[in-house]
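Down below is the structure, laid out as structure tokens.
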């Protein structure tokens, strides 16, 4: 058991537990906070894969912007922040059987796949610079790069439009 | 990986120190709760109404505009790091990206999404 | 490798040999060494905050033409210790309806978000850990500080705390955009996100390259910390202490300490990014001198923060938001585009050539901005003159003819 494996297993357990609590806790703010724990777990996975830039990007965008936006929305629109009633629906037994079957099937599929045994290769020092070059090189991802900015522009216009009509109504 | 190990240890410590302070304060201070002390503070009066806040769309709009810009900035950092080995057209592509974003800012500005009323 | 030329290296080697001699494995030794290093740094930083509190109170006192604390100990130096003892023995009153877990986690996460920044600040040349995404890491942990505030405000179960927490988060989030934009400029100039790399690339300090970027970063960081002139949300006369209304005793002290530490941390970050960090005469041969230079520079920027606090009045929240979105962000975007385009053409000019051409560009932008603001002011003034003034058109009614007034008089 190398140290990386221990860290991976710990992080996986924490992330899965947090994801489980997101859907089972009746208090919505607690659900948002557990979601933040799960997102942080994903960031730790990125670190374990030597993708440091993705890890900080995950924290900045998901935790620093999206989670805060979600918490704003929850706090502003819900008068009562607890779910009332039971947390399980009437058909939960069938759902449990189905998900157990799906889980078993996925585990069997992964086990029977021939995964490479070699560890992940060493990440070069200049990985972020390489990413930057790839983002703007014509043989690389320049079109998705520019389209992403157009997409963000469209998202902003859409959001402002929706919120604006809401404000006028 | 070693630097992240150090960071991880440092972050754990930086969570530990305030927690230690809080525990210290909890034990060193007296604990005499009574109904008046544990009441919610509202300028010295009894609380009126439920504890929820009026929905003002400004909060949501500002957070949303911030989200858009945050994602954009995350795209710009690799470009900035690779800057020195980029030819001119690559710099121009980055500038186009920024200009499109500035257009988004101007749109939000003109539509009044950035006013706090 | 004498102790003066490589202090941390020598101590680390000695400790490492000690631990290996005790029979601990290689990995465990590394972890222990990191733990000791991190622990020492975190403790020193926390202790330094106590001195900072004294310093700030004295300086604010002087700005306000009074002495500041001077009774407890010589020059009031023991005042923060007295405050610490007092606050640690006060009762921690948790409101009845508060969400206890979130209530207690809020200040811890906020303080952790500030302390964790110190993991990446390059204290000395060639020391230790060089994270290759350090610049963004500082922003990422700043996000946790914001989260801590939101949690504290909500968990207090108090309308005012919640409202103030929303406004604080809106403020911090609005000023994060100019901060990250201004941070992009040293990263662009140095070609790396690692803070140690940025310091090493500053043969000429980046404040010469981009004084406007330093200004934007400084102002936006002051707003992120929530200090005057942007301390609307903690002001006693406004929303009654803001998101930490319901906190008392040591948990309040955690917020207080976090606030001061954050102010000094942005001083340290400003020094690293724009003032050359540990650079100075003799810093490469004697790393401890580098530490001294960094501390002096950080202190200088911190003094600017305190100076702003003692001098400037508070801004209103809508003025604050406008300032960020409608002034700082466009200015930062323009600065970024100009710096990016310019640097490509002047890259071959040698260090001082680059620096001066960027400086000239900054001056041009600053002059144009000031003229634009002047123009805006004039437009606003001329609009104001349209309101009725005696004897001047347009007024609500035309002037009354002279005969009517003599009739009324007689």
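The values are calculated or read from the model by the stated rules, or taken from the named source; none is laboratory data. Treat the numbers as computed from the prediction; the structure is a model and nothing was measured. Cβ: placed from backbone, ideal geometry, glycine included. Neighbour counts: every protein chain shown.
Criterion applied to C:135, C:165, C:112 was being within 12 Å of chain A (Cβ to nearest Cβ) and modelled with pLDDT of 85 or more, and the one residue passing it is C:135. Of the residues making up segment C:304-315, at least one is in contact with a helix residue (DSSP H, G or I) (Cβ under 6 Å, 6 or more places away or on another chain) and modelled with pLDDT of 85 or more. For segment A:144-164, a residue qualifies if it is in contact with a helix residue (DSSP H, G or I) (Cβ under 7 Å, 6 or more places away or on another chain) and farther than 14 Å from residue B:76 by Cα, and the qualifying residues are A:150, A:153, A:155, A:156, A:157, A:159, A:160, A:163.
No other residue among C:61, C:68 is part of a loop (DSSP other than H, G, I, E, B) and either buried (at least 16 other Cβ atoms within 10 Å of the Cβ) or assigned by TED's automatic domain parsing to the domain that holds residue C:11 (or both) apart from C:68.
Residues considered: B:89, B:107. Of these, the only one that is more than 7 Å from every other protein chain (Cβ to nearest Cβ) and assigned to a helix (DSSP H, G or I) is B:89.
Starting from residues that are in a helix (DSSP H, G or I) and either facing another protein chain (nearest Cβ under 7 Å) or touching a strand residue (DSSP E or B) at 6+ places or on another chain (Cβ under 6 Å) (or both), keep the ones in segment C:146-159 and report whichever is modelled with the lowest pLDDT.
Here the answer is C:159.
Residues that are assigned to a helix (DSSP H, G or I), within 29 Å of residue C:71 (Cβ to Cβ) and in contact with a helix residue (DSSP H, G or I) (Cβ under 6 Å, 6 or more places away or on another chain) within segment C:83-103 comprise C:87, C:88, listed in sequence order. Only a single criterion out of (1) more than 13 Å from chain B (Cβ to nearest Cβ); (2) within 17 Å of residue C:196 (Cα to Cα) is not satisfied by residue C:265, namely (1).
Listed here are the residues, each with its yes/no results for (1) assigned to a helix (DSSP H, G or I); (2) modelled with pLDDT of 90 or more; (3) surrounded by fewer than 10 Cβ atoms within 10 Å (Cβ to Cβ); (4) within 8 Å of chain B (Cβ to nearest Cβ).
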| residue | (1), (2), (3), (4) |
| --- | --- |
| A:105 | yes, yes, no, no |
| A:115 | no, no, yes, no |
| A:155 | yes, yes, no, yes |
| A:163 | yes, no, no, yes |
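Close Cβ contacts (under 6 Å, 6 or more residues apart or on different chains) running from residues in segment B:26-43 that are facing another protein chain (nearest Cβ under 7 Å) to residues that are assigned to a loop (DSSP other than H, G, I, E, B) and at pLDDT below 65 comprise B:40/B:47. Taken as a whole, the structure places residue A:65 among residues that are under 30 Å from residue A:163 (Cα atoms), assigned by TED's automatic domain parsing to the domain that holds residue A:24 and at pLDDT 90 or above.
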